[in-house]
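Input: a single structure, listed below in structure tokens.
The values are calculated or read from the model by the stated rules, or taken from the named source; none is laboratory data. The structure displayed is predicted, hence computed values, not measured ones. With ideal geometry, Cβ positions are generated from the backbone for all residues, glycine too; neighbour counts draw on all protein chains shown.
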Amino acid sequence: MSTTVTFTEFNGASATPTTNRTEMNLKSIDDSTSSYQVNTIVVNSNSFTKYQAPLHSGTYNTLSGATFKISSNTPGTGITITGSLQSTYVTPSQVASGDSAMSLVGLVGTYRATSPFGTGGVATYTAGGNVYASALRLQMQTTSSASNGDTSPVTITYMWSES
Amino acid sequence: MFLEVEFSDGFILNQLKQNDVSMFDNRRNTFYDIVNKLCEKDHGKMKRLSLYKDNRKYSIDWTTVPNDAKPVCLKTFSMDINGIDAYVQKLVNVEFGYEYIDAKTKKIIREVEAIS
């Protein structure tokens with residue numbers, strides 16, 4: 001028995017949510033639905049930043065330990081995937097986010113009801129009801145040495161504990 | 001995987017049979033009722049706490065644990081997102097047992113078993 005976790009993506013100037021996302025592909029457009037294959041990232045530029053947050057639903061006693069990591073933050077020559085956990089939403093853009101390379105060992109987040117953005121996130125959530133974990137902001141940044149085509153696939157892992 | 005508790009009047013609280021919904025707050029789960037001892041008013045003290053997982057049963061005789069002990073059942077999950085598979089959540093580990101405050105040191109003592 002456990003909570004059900006889905007991912008919500010936020011886009012546009014007003015952080016419009018799209019629930020039940022099934023991929024996190026990075027691309028040259030700020031939306032939740034179009035294919036990365038027709039919105040490719042031009043060499044020596046960046047993807048739009050992408051914000052996705054886990055949403056827990058169902059019953060539980062406590063939720064804690066929200067942690068995000070990536071299997072590889074350099075999926076190809078001249079390509080870096082940056083990442084951070086954000087409680088403030090900034091309209092996605094292709095300007096370099098300023099984030100470090102996404103962590104291979106884990107970024108530890110918090111929980112907040114209603115929205116992942118705002119103050120008051122807590123490490124251990126006990127209030128019951130639907131709740132978001134921190135929003136993960138990703139961006140693919142490339143240099144002139146990046147090669148054509150798909151990168152090697154990488155895996156984002158979200159871990160948590162519940163009682 | 002599910003929990004089951006037996007109380008002194010013979011009442012059995014089973015997480016599956018409760019559909020993992022608290023009998024006192026429908027936003028909470030059965031473990032909320034267990035850890036806060038919400039059934040003891042009607043059914044007396046806990047006698048046994050059991051965890052069933054992968055056709056194995058892990059039981060604690062609750063009459064032998066310290067008076068102020070609280071049940072521990074902490075499940076750790078992971079979910080991989082790789083653009084290929086659907087987002088699938090996997091149970092990685094369960095810590096099952098109890099914790100209590102040591103009367104002399106005032107420190108929390110955790111007596112738990114890691115079940116993968």
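Observations, loosely collected:
- Taken over the range A:65-90, the residue count meeting the criterion of being within 14 Å of the chain's Cα centre (by Cα), surrounded by fewer than 19 Cβ atoms within 10 Å (Cβ to Cβ) and of a type in the set (V, I, T) is 2.
- Members of the range B:61-113 found to be in contact with an Asp or Glu (Cβ under 6 Å, 6 or more places away or on another chain) and over 27 Å from B:C39 (Cβ atoms), listed by number: B:G83
- Total residues in the range B:91-105 satisfying the condition of being of a type in the set (D, E, K, R), over 26 Å from A:T157 (Cα atoms) and at pLDDT 95 or above: the figure is 1.
- Residue under evaluation A:G76, criteria (1) closer than 21 Å to A:P153 by Cα; (2) within 14 Å of chain B (Cβ to nearest Cβ), criterion not met: (2)
- Which numbered condition A:S103 misses (of (1) touching a Lys or Arg at 6+ places or on another chain (Cβ under 9 Å); (2) of a type in the set (S, T, N, Q); (3) assigned to a loop (DSSP other than H, G, I, E, B); (4) under 16 Å from A:E9 (Cβ atoms)): (4)
- Hey, B:Q89 at the interface with chain A (Cβ under 9 Å from one of its Cβ atoms) and surrounded by fewer than 19 Cβ atoms within 10 Å (Cβ to Cβ) or not: yes
- Scanning the range A:122-144 for residues that are under 17 Å from A:Q86 (Cα atoms) and surrounded by 20 or more Cβ atoms within 10 Å (Cβ to Cβ) yields A:V131, A:Y132, A:A133, A:S134, A:A135, A:L136, A:R137, A:L138, A:Q139, A:M140.
- Single residue of the range A:37-95 satisfying the filter (β-branched (V, I, T) and assigned to a strand (DSSP E or B)) that is nearest to B:Q89 (Cα to Cα): A:T67
- Residue that is farthest from B:E95 (Cα to Cα) [pool: residues in the range B:5-41 that are more than 12 Å from chain A (Cβ to nearest Cβ) and among the acidic types (D, E)]: B:D9
- When the range A:7-24 is filtered for residues that are surrounded by 16 or more Cβ atoms within 10 Å (Cβ to Cβ) and within 14 Å of chain B (Cβ to nearest Cβ), the ones remaining, listed by number, are A:F7, A:T8, A:E9, A:R21, A:E23, A:M24.
- Looking across the range A:30-39 at every residue that is surrounded by 16 or more Cβ atoms within 10 Å (Cβ to Cβ) and within 22 Å of A:S147 (Cα to Cα), the one that is farthest from the other protein chains (Cβ to nearest Cβ) is identified as A:N39.
- Residue within the range A:108-123 that is in a strand (DSSP E or B) and within 11 Å of chain B (Cβ to nearest Cβ) present: no
- Taking every residue in the range B:70-82 that is within 7 Å of chain A (Cβ to nearest Cβ) and closer than 30 Å to B:M46 by Cα and pairing it with any residue that is of a type in the set (K, R) and surrounded by fewer than 18 Cβ atoms within 10 Å (Cβ to Cβ), at least 6 positions away or on another chain, the pairs with Cβ-Cβ distances below 8 Å are B:F77/B:K90.
- As for the range B:68-90, it holds no residue that is hydroxyl-bearing (S, T, Y) and over 30 Å from A:V154 (Cβ atoms).
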